[in-house]
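What follows is a single structure, written as structure tokens, with notes after it.
The values are calculated or read from the model by the stated rules, or taken from the named source; none is laboratory data. All of these numbers come straight from a predicted model, not from anything done at the bench. Glycine gets a Cβ as well: all are built from the backbone with ideal geometry, and neighbour counts include every protein chain shown. Please note that ligands, DNA and RNA were not included when accessible areas were found on the heavy atoms of the full protein model with its side chains. Shrake-Rupley method; radii C 1.70, N 1.55, O 1.52, S 1.80 Å.
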Amino acid sequence: MGRVEYSSYSCRVETFGESTTTAAPPVAELHLHIEGTLQPELIFALAERNGIELPYADLDELRAWYEFTDLQSFLDLYYANMAVLRTEQDFADMTRAYLARAAAGGVRHVEVMMDPQAHISRGVALETCVNGVASALATSVEEFGVSTLLIAAFLRDMSEESALEVLDQLLAMGAPIAGIGLDSAEVGNPPSKFERLYRRAAEAGLRRIAHAGEEGPASYVYEALDLLGVERIDHGIRCMEDPALVERLVAEQVPLTVCPLSNVRLRAVDTLADHPLPAMLAAGLNVSVNSDDPAYFGGYVDDNFAQLVAVHGLSVGDRARLAANSVRASFADEARKAELLAEVSEWERASVG
Ligand code: HPA
Ligand code: ZN
């Protein structure tokens, strides 16, 4: 296999009078795990290229595993499938495939999380995974018109010592990372476990985000803010169980990167109709819509928007607000933010016809 074939996609289109626009506005994607973009077809292609025998006979057998009961049941498959990522080219191909698909769905800026510990723990060099992803990001503006930043996410079910060691290695090699995040199995691994890691990242001038309040309780959101000093919360949906926390998040306009299809597939909510996103918007929370692990959860950002429109009737104004929130909550520079906010306004104007 020389080149990766990008899978075809269909953009859902809405027509308003004379103007034709997509359901999804131009957005910044702020919650995206690059390893979660590994599509089944690419898993088989990379396995073949690397001479790896998969425990699945074919695509259907692999897809039969995409039925999750909770976060851990997803993580088990997510980590197992990473076995096909061996070379810089593998990481670059995966990243380029995501960028092509995301760009077609309206993503104009992305802050890509990657999980270095998940690769070095299985014998892949840190340079291999970082340089592979970074090489595809480096040509993204030119190839896809998508600006990018890279965020190193640490696995909260591993020790803080391991995270500190990897952060030091990333800093020593001059890895092009803008910030750090915290992901993997949440319950039982509170933000308080990583205070030293976040202090060191702050000292190194890195931006800080963390998953909190996905499966874990609202108290983890407080910890992420107060003990880790994070600038954004990934997920955060369980804040809705704590009115005092909602009040604080609204007052401080803390960005929450919400992933509706992920929440349904991991059973954090029962159905999309039960998803709190409309209530979060109505409460004045600073929410955005993101895909999390699009290859596993049934869709990219535009699919999330299309289904929110279908199920919740999300208005053009609400969608424009979600998009503007994503741009303002991004770590892009002010000039890029201004450019993207103008695109959101233009999309809104064209969409209301
Ligand atoms: N939650 C926590 N960790 C993750 C996720 C997620 O949705 N995706 C990849 N790692
Ligand atoms: Zn996530």
Pick from Ser262, Ser147, Ser121: which residue has the top mean-square fluctuation in a GNM of the chain where Cα pairs under 10 Å get a spring?
Ser121
Using amide H atoms built 1.01 Å from N in the peptide plane, name the residues 5+ places from Thr148, or on other chains, whose amide H lies under 5 Å from its own.
Val110
If you average 1/r over all unlike Cα pairs in segment 30-102 and invert the result, what Kirkwood radius do you get in angstrom?
12.9 Å
Check: C-alpha center segment 309-353 vs C-alpha center segment 155-219, spacing in Å is 29 Å
How high is the FRET efficiency between Glu142 and Asn50 when r is their beta carbon distance and R₀ equals 41 Å, given to the nearest 0.05?
0.90
With contacts defined as alpha carbon pairs under 8 Å and 6 or more residues apart, what's the relative contact order of the chain in percent?
21 percent
Rounded to the nearest 10 Å², what accessible area does Leu42 have for a 1.4 Å probe in the complete protein model?
20 Å²
Amide H neighbours of Asp157 at under 5 Å, excluding residues fewer than 5 places away on the same chain, with H built from the backbone geometry, are Ala185
Would you mind getting the accessible area per residue of the chain, heavy atoms of the protein chains only, 1.4 Å probe, in Å²?
38 Å²
For segment 23-338, take every pair of Cα atoms, bin their distances at 10 Å starting from 0, and report each bin as a whole percent.
6, 29, 38, 23, 4, 0
Could you please state how large a percent of the accessible area of the chain is carbon and sulfur, counting protein chains only and using a 1.4 Å probe?
50 percent
5 Å is the cut-off here: which amide hydrogens, built 1.01 Å from N in the peptide plane, fall below it relative to Asp234, excluding neighbours closer than 5 in sequence?
Ala210, His211, Ala212, Thr257
Over segment 278-336, what per residue volume does the convex hull of the Cα atoms give, in whole Å³?
100 Å³
Just how large is the dipole of segment 23-338 about the Cα centre, in debye to the nearest 20, putting +1 at every Lys and Arg Cβ and -1 at every Asp and Glu Cβ?
860 debye
Grab the beta carbon distance between Ala125 and Val311, set R0 = 25 Å, and tell me the FRET efficiency rounded to 0.05.
0.05
